[in-house]
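A.B. asks: Structure incoming, see below.
The values are calculated or read from the model by the stated rules, or taken from the named source; none is laboratory data. Everything numeric in this text was worked out from a predicted model, so none of it was measured. Note that each Cβ is placed from the backbone with ideal geometry, even for glycine, and that neighbours are counted across all protein chains shown.
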Amino acid sequence: MNITNELLAAYAEGNVSEEERMAVRQYLTENPQEWDSMLMMMDEDYDITLDEEDIASLNTAKLDNNLSELLDELDSKKLTDVQFRILPAMAMAAENKVDNLCVIHCEGIALRRFGFDITDEELLEESRKEGWLQQAGTALHNIGRLAGSHGLGVSHRYECSITDIRESLSAGHIVLAAVDVNELIGNYTEEKQKDITDGKTPNHVVIVEAINDDTVTITDSATPQQHDVYPLSQFIDAWDDSSRYLIIISDGEEYEPHPIDLADIEISDDLIELREAIAENAQEVWAYNRKQEGWTYGPERDDAKKLHPDMIAYNKLPESEKLYDREMAMNTIKLLKKLGWESKKTEAPNKHASVEESDNSVRFSEIERCTIATLALKLIVADASISPKELAARNVVFGKLNIAPSHEHNLPAFNQACQIYKNMDATKQKAAKKLLHQIVMADGVIAEKEELFIDSLNKTK
């Protein structure tokens, strides 16, 4: 087949037959020097082309192609690390050999140990009725709802330690831990590599029965054994995927507050300004509810007469009360960020959040740019072999997206990135795929798995 510029352009746009696609791929394999021309054709409609300096950096890149070594390098450079770690509150605990009911099984065991005569079938019906159990499983923040609904004490704690587990077990509590079960019963080495490329993602909950110096004993609905014993280090790795999330169930009245640590969260100036608006509205909501209950202003609180000195406008509140409302507002904003939610104005973002077109701009939010970066990291390891040019091209794309290994950016896990990409409009998806094409074409060869990866994005909408 004659490979013309018209055919190459059609290939860049994805408008070729299967026969033509294979012919172009073979041509690019035999003529790797043509890869930069292909990139330019792919970028014809977008101002995201490689300049001479970029191309030079690609040609002079000297990096090891070995996959395991490359993964270690990516990890050491902390391309996916930030100064804070998103807590996976919305991750689903669902892994089980036959169903997605690991949470039901664990909470059923807990309730029966505390003397409740209740079956998993009854708990299943309750969980579905209340909306805690979804088709994909139970979200981490909903683990323990069943135990709580039957009167048991439930504490949800992130970023715990082995000491926390030991102390809870010693106190007679039942300890549930969210884990990546594949790091326990799957190929441990492969799963550790996935932590780097896909991000750390919990998918299961187990009951921790005992902790020794070197081992941990658990009850796991994903295995046929009554109890499973693992090396302590392996369990910690699997547990770390949930930010060391524990659900502690007790039958007593004791309560030890354990708020999520937000000290590592920094927020932008515009969100700091938003704090005051949230604080003022909190006062308005509180005062409105009290008024509906018959409360009015009084210089001193009188519960019998329903008088309260804070039944006044926010601006007239004592500074101590304002500080309370502001702290509540600030912690709410920080918590949203800690849980992986993005708060932003609806106005158009600044130029650093956009990829320019010849006539228009494709404006990506920060999380969308980080999503493309996550997809790029996944793409370059799709064929289990990475060329120096691919890695260098990725760095160029990262630069164009203004992605850097700093606290200002956080790369979502692969499954989360796929969902964010799915929610992009068609124009953004097209621009994102062109950026990914820059990477995959950097070595002049599109491997089958790389092509399948791109095709899967095409089928997302």
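A.B. asks: So, of the residues in segment 116-146 that are exposed (fewer than 14 other Cβ atoms within 10 Å of the Cβ) and acidic (Asp, Glu), which turns out to be nearest to residue 175 (Cα to Cα)?
C.D. replies: In this case the residue turns out to be 117.
A.B. asks: Another question, if that's okay. For the list (1) within 22 Å of residue 94 (Cβ to Cβ); (2) assigned to a helix (DSSP H, G or I), I need the number of the one condition that residue 154 fails.
C.D. replies: Here residue 154 clears every test but (2).
A.B. asks: On the given criteria, is residue 417 in the same structural domain as residue 364 (by TED's automatic domain parsing), modelled with pLDDT under 80, crowded, with 21+ Cβ neighbours inside 10 Å and within 19 Å of the chain's Cα centre (by Cα)?
C.D. replies: yes
A.B. asks: Of the residues 262, 274, 246, only one is under 25 Å from residue 90 (Cβ atoms), within 26 Å of the chain's Cα centre (by Cα), surrounded by 15 or more Cβ atoms within 10 Å (Cβ to Cβ) and assigned by TED's automatic domain parsing to the domain that holds residue 109; which?
C.D. replies: It is 246.
A.B. asks: Answer yes if at least one residue in segment 292-314 is surrounded by 11 or more Cβ atoms within 10 Å (Cβ to Cβ) and within 35 Å of the chain's Cα centre (by Cα), and no otherwise.
C.D. replies: Scanning segment 292-314 turns up no residue that is surrounded by 11 or more Cβ atoms within 10 Å (Cβ to Cβ) and within 35 Å of the chain's Cα centre (by Cα).
A.B. asks: Within segment 187-196, can one find any residue that is without any contact (Cβ under 8 Å) to a residue 60 or more places away in the chain and among the aromatic types (Phe, Trp, Tyr)?
C.D. replies: yes
A.B. asks: Moving to a separate point now. Just one of (1) in contact with a helix residue (DSSP H, G or I) (Cβ under 9 Å, 6 or more places away or on another chain); (2) within 22 Å of residue 223 (Cα to Cα); (3) assigned to a helix (DSSP H, G or I) trips up residue 112, so point out which.
C.D. replies: The number of the failed condition is (1).
A.B. asks: Name the single residue, out of those in segment 420-461 being touching a Cys at 6+ places or on another chain (Cβ under 9 Å) and among the aliphatic types (A, V, I, L, M), that is modelled with the highest pLDDT.
C.D. replies: Among those residues, the one meeting the criterion is 420.
A.B. asks: What do you reckon, is residue 270 in contact with a helix residue (DSSP H, G or I) (Cβ under 9 Å, 6 or more places away or on another chain) and farther than 30 Å from residue 206 by Cα?
C.D. replies: So residue 270 fails the test.
A.B. asks: Then there is this: Conditions: (1) in contact with a Phe, Trp or Tyr (Cβ under 9 Å, 6 or more places away or on another chain); (2) closer than 20 Å to residue 208 by Cα. Residue 150 meets all but one. Number of the miss?
C.D. replies: Unmet condition: (2).
A.B. asks: Could you list, in sequence order, all residues of segment 297-346 that are in contact with a strand residue (DSSP E or B) (Cβ under 9 Å, 6 or more places away or on another chain) and of a type in the set (Val, Ile, Thr)?
C.D. replies: Listed by number, the list holds a single entry, 312.
A.B. asks: Of everything in segment 349-377 that's touching a strand residue (DSSP E or B) at 6+ places or on another chain (Cβ under 8 Å) and of a type in the set (S, T, N, Q), which residue is modelled with the highest pLDDT?
C.D. replies: The residue in question is 361.
A.B. asks: Which residue is nearest to residue 431 (Cα to Cα), if the candidates are limited to segment 7-20 and must be part of a helix (DSSP H, G or I) and at pLDDT 75 or above?
C.D. replies: This residue is 7.
A.B. asks: Then there's this: In this structure, is residue 276 among the acidic types (Asp, Glu), in a helix (DSSP H, G or I), modelled with pLDDT of 90 or more and over 24 Å from residue 177 (Cβ atoms)?
C.D. replies: no
A.B. asks: Can you tell me which residue is farthest from the chain's Cα centre (by Cα) among those in segment 198-210 that are surrounded by fewer than 19 Cβ atoms within 10 Å (Cβ to Cβ) and not small (Gly, Ala, Ser)?
C.D. replies: Across segment 198-210, the extreme among qualifying residues is 209.
A.B. asks: Out of curiosity, is residue 150 crowded, with 18+ Cβ neighbours inside 10 Å, outside the structural domain of residue 380 (by TED's automatic domain parsing) and within 26 Å of residue 115 (Cα to Cα)?
C.D. replies: no
A.B. asks: Just checking, how many residues over segment 232-267 are more than 21 Å from residue 169 (Cα to Cα) and touching a Ser or Thr at 6+ places or on another chain (Cβ under 9 Å)?
C.D. replies: 2
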